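Engineer: Before anything else, here's the structure in question.
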Amino acid sequence: MKNYLVTGAAGFIGTNFVRQVIEECPDVRVVAFDQLTYAGNLENLEGLLNQPRLQFVKGDICDAKAVESVLAGGIDVVVHFAAESHVDRSIMGCQEFIRTNVAGTQVLLDSARAHKVGLYVQVSTDEVYGSLGPTGLFTEQTPLHPNSPYSASKAAADLLVLSYHHTYGMPVVITRCSNNYGPFQFPEKLIPLFITNLMEGKKVPVYGDGMNVRDWIHVSDHCRAIRRVIESGKPGEVYNVGGNSERTNMTITRRLLELLGRDDSSIEYVRDRPGHDRRYAIDASKIARELGWRPQVVFEQGLADTVAWYREHESWWRRIKSGEYLAYYEKQYGRK
Ligand code: NAD
Ligand code: TYD
């Protein structure tokens, strides 16, 4: 049996990762650690909370005692997802981003080091590389050039993680993935916000000219990439992960309008995001070559499946949009 500590396990990618691991890895036990901020929703783990291979712990990664107590239980692999993750929120104010993404990573690193954890996986983002022009791809050698307070906090954390490898020989790996989409994504990000707005008969706010490009990857492919890295990644290395699916925001918007039976009158062009990165695109040839990982989900199919998932889980996202989901932990565990 292997024991994983998964931080941010009640968020979008953490939830998908825990579900995949519990389903497909019978030899793995998971401690799911999450502070349940606005982005964490314990309902996401419904059906797993009584499963003997999963233990949920509510806690803050900045709280050294709380982190210490879970690591003292004997952890082989730390998979660190917990973060403030929304660029627009970081532009409104980035104190929480520095606290969680930078200081929280330091607390986790120190504790993982003290407990001689076998592998520490930092789940990072392609946004640390900054913005591309119309051509070219981010490789692992691309210099870090973060442009938003969010990506700056993630880049700071990445540098700290690499410094622990260099200084202490700590076994760490970093994954830098492109934009994820799929089930359980919080409806503040482009795809779930647009799907749910259209289902509610509302307009969708397209920033600027809508021609910004992201490289979309289905969350299940990202989770499989992290699992490959845990199995065979080389300590001290960075692995880019991407979906090979560059799309403009306009292309995605038009496709969603089509899938949801709406027309262009549902589009509202709004003021651009300050400092809006124009284009992200990942060269994922290193993880393909060295670890044999490749994305499996074709974007158009994955997007249609995601729309279907949001249609089938209307009460899930309506509870989020109304704020009701925040009471779920108290209902389950009888405390705040
Ligand atoms: P998310 O915002 O959906 O989830 C974050 C989770 O972390 C939430 O459950 C939240 O409660 C928890 N959390 C926040 N602060 C915490 C704290 N102090 N202590 C404990 N838990 C805390 O984010 P996501 O989209 O699932 O992203 C997960 C990770 O993957 C992040 O590190 C993000 O930078 C990275 N990433 C995301 C994407 C993407 O497209 N979403 C792409 C590449 C990398
Ligand atoms: P987002 O999902 O916030 O991811 P990121 O900024 O981390 O890439 O946004 C994806 C793209 O969609 C980005 O170019 C900004 C744009 N966008 C909109 O046009 N309208 C919106 O309401 C949101 C949330 C994003």
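The values are calculated or read from the model by the stated rules, or taken from the named source; none is laboratory data. The shown structure was predicted, so the numbers you read here are calculated from the model rather than taken from an experiment. With ideal geometry, Cβ positions are generated from the backbone for all residues, glycine too; neighbour counts draw on all protein chains shown. Side chains are part of the model used for accessible areas, which takes the heavy atoms of the whole protein and leaves out ligands, DNA and RNA. Shrake-Rupley method; radii C 1.70, N 1.55, O 1.52, S 1.80 Å.
Engineer: Working carefully through the options Tyr239, Tyr333, Tyr328, find the one that is open to solvent by less than 70 Å² (accessible area, probe 1.4 Å) and more than 30 Å from Tyr129 (Cβ to Cβ). Don't jump to the end; show me each part of the working.
Structural biologist: On the way: Tyr239 fails: more than 30 Å from Tyr129 (Cβ to Cβ); Tyr333 fails: open to solvent by less than 70 Å² (accessible area, probe 1.4 Å).
Every option except Tyr328 fails the conditions.
Engineer: Which pairs do you get when a residue that is touching a residue at least 60 places away in the same chain (Cβ under 8 Å) and more than 15 Å from Leu291 (Cα to Cα), found in segment 171-185, comes within reach of a residue that is open to solvent by less than 10 Å² (accessible area, probe 1.4 Å) and more than 16 Å from ligand 2 (Cβ to nearest atom), reach meaning Cβ atoms under 6 angstrom, with the pair 6+ apart or on two chains?
Structural biologist: Val172/Tyr120; Val172/Val161; Phe184/Thr15; Phe184/Asn44
Engineer: Search segment 21-45 for residues that are touching a residue at least 60 places away in the same chain (Cβ under 8 Å) and small (Gly, Ala, Ser) and pair each with any residue that is crowded, with 20+ Cβ neighbours inside 10 Å and not in a helix (DSSP H, G or I) when their beta-carbon atoms are under 7 Å apart and the residues are at least 6 apart or on different chains.
Structural biologist: Listed by first residue and then by second, the contacts come to Ala39/Gly11; Ala39/Ser85.
Engineer: Let me ask another. May I ask you to say which residue of Gln51, Gln20 is surrounded by fewer than 16 Cβ atoms within 10 Å (Cβ to Cβ), polar (S, T, N, Q) and more than 10 Å from ligand 1 (Cβ to nearest atom)? Outline the logic, then answer.
Structural biologist: On the way: Gln20 fails: surrounded by fewer than 16 Cβ atoms within 10 Å (Cβ to Cβ).
Matching residue, one of Gln51, Gln20: Gln51.
Engineer: Could you list all residues from segment 135-160 that are over 18 Å from His86 (Cβ atoms), in a loop (DSSP other than H, G, I, E, B) and in contact with a Gly (Cβ under 9 Å, 6 or more places away or on another chain)? Walk me through how you get there before you give the answer.
Structural biologist: Filtering segment 135-160 for residues over 18 Å from His86 (Cβ atoms) gives 135-145, 158-160.
Next, only the ones that are in a loop (DSSP other than H, G, I, E, B) stay: 135-137, 139-145.
Matches in segment 135-160: Leu137, Thr142, Pro143, Leu144, His145.
Engineer: Something else now. Are any residues in segment 90-119 surrounded by fewer than 24 Cβ atoms within 10 Å (Cβ to Cβ), within 15 Å of ligand 2 (Cβ to nearest atom) and either in a loop (DSSP other than H, G, I, E, B) or without any contact (Cβ under 8 Å) to a residue 60 or more places away in the chain (or both), and if so, which ones?
Structural biologist: Met92, Cys94
Engineer: Sticking with this structure for a sec: Looking at Leu291, Leu303, Leu256, which one is open to solvent by less than 70 Å² (accessible area, probe 1.4 Å), within 16 Å of ligand 2 (Cβ to nearest atom), closer than 28 Å to Val121 by Cβ and among the hydrophobic types (A, V, I, L, M, F, W, C)? First the steps, then the outcome.
Structural biologist: Working: Leu291 fails: within 16 Å of ligand 2 (Cβ to nearest atom); Leu256 fails: closer than 28 Å to Val121 by Cβ.
That would be Leu303, the only listed residue that is open to solvent by less than 70 Å² (accessible area, probe 1.4 Å), within 16 Å of ligand 2 (Cβ to nearest atom), closer than 28 Å to Val121 by Cβ and among the hydrophobic types (A, V, I, L, M, F, W, C).
Engineer: On to the next question. If I ask for residues that are out of contact with any Asp or Glu (no Cβ under 9 Å at 6 or more places or on another chain) and under 17 Å from Pro183 (Cβ atoms), which ones from segment 281-299 would you list?
Structural biologist: If the condition is that a residue be out of contact with any Asp or Glu (no Cβ under 9 Å at 6 or more places or on another chain) and under 17 Å from Pro183 (Cβ atoms), then Val298, Phe299 are the ones that fit.
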